[in-house]
1. Determine which lysines satisfy two conditions relative to LYS84: a Cα distance under 28 Å, and not lying fewer than 8 residues away in the same chain.
2. Which whole-Hz couplings ³J(HN,Hα) result when phi for each residue of the range 52-62 is put into the Karplus expression 6.51 cos²θ - 1.76 cosθ + 1.60, θ = phi - 60°, listed in order with x for Gly and Pro?
3. May I ask you to evaluate 6.51 cos²θ - 1.76 cosθ + 1.60, the Karplus curve with θ = phi - 60°, for each residue of the range 125-140 and list the ³J(HN,Hα) values in order in whole Hz, giving x for glycine and proline?
4. Could you check the simple spin-label distance between ASN75 and LYS60, using points 7 Å along Cα→Cβ, in nm with one decimal?
5. Long-range amide H contacts for ASP71: which residues qualify at under 5 Å (H placed 1.01 Å from N, peptide plane, sequence gap of 5 or more or a different chain)?
6. What is the sum of charges, Lys and Arg at +1 and Asp and Glu at -1, for the other residues whose Cβ falls under 11 Å from the Cβ of ASN131?
7. Taking 0.36 nm per intervening residue step and subtracting the Cα-Cα distance, what contour gain separates THR120 from LYS2 on full extension?
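Read the figures in this text as sums done on the coordinates, not as results from a lab. Every value quoted in this text rests on a predicted model; they were computed, and no experiment measured them. Glycine gets a Cβ as well: all are built from the backbone with ideal geometry, and neighbour counts include every protein chain shown.
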Amino acid sequence: MKKIILAISVLLFFNSCATLFCKQTYVAQIKVLNSKSPLIYIGISENTIKNNEVIKIKRKDIANVSFRVIDKENNCKGQVFIFKERRARIGPILLNCTFTAYGLGILIDALSGAMYMPSTKESGIEKVDNNYYIYNLNYTGCADKKE
């Protein structure tokens, strides 16, 4: 009886490996190309970050990351960059399939966003490692101002 209880406890503990063992955020460095003094807004917020600044983004928000770039110093127009693609992290899925006999762990990981990472197939995203990504924003708001 004790072995059965132990086995059920282990299965419940390893139910959602990505949620338990992986970080819920990832590090993103934001680089604006073609502008020396951009203002970068994250999403619809009015908080600005500096060029090449490193921020943390929640994994559950990976499918809806956006940046708004404005170069007020040169009186250039704003440009919005939207990143919607994500891909599944294979490690957590394999661990869930190995340690659980049912799909509850995969469901929890999918709903919490812990099993996702940004897709490097999307233009401008560069992977450094599993928890560090660089967003290269090709700003063209001042293109019509060049002489």
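1. The qualifying lysines are LYS23, LYS31, LYS36, LYS50, LYS56, LYS58, LYS60, LYS72, LYS121, LYS127.
2. 6, 6, 9, 10, 10, 10, 5, 4, 5, 9, 4
3. Residue by residue, the range 125-140 yields 9, 10, 8, 9, 8, 4, 10, 9, 10, 10, 9, 8, 9, 7, 6, 10 Hz.
4. Simple spin-label model gives 4.5 nm for this pair.
5. Here LEU39, CYS76 satisfy the definition.
6. So the environment of ASN131 carries a net charge of +4.
7. Here the answer is 37.8 nm.
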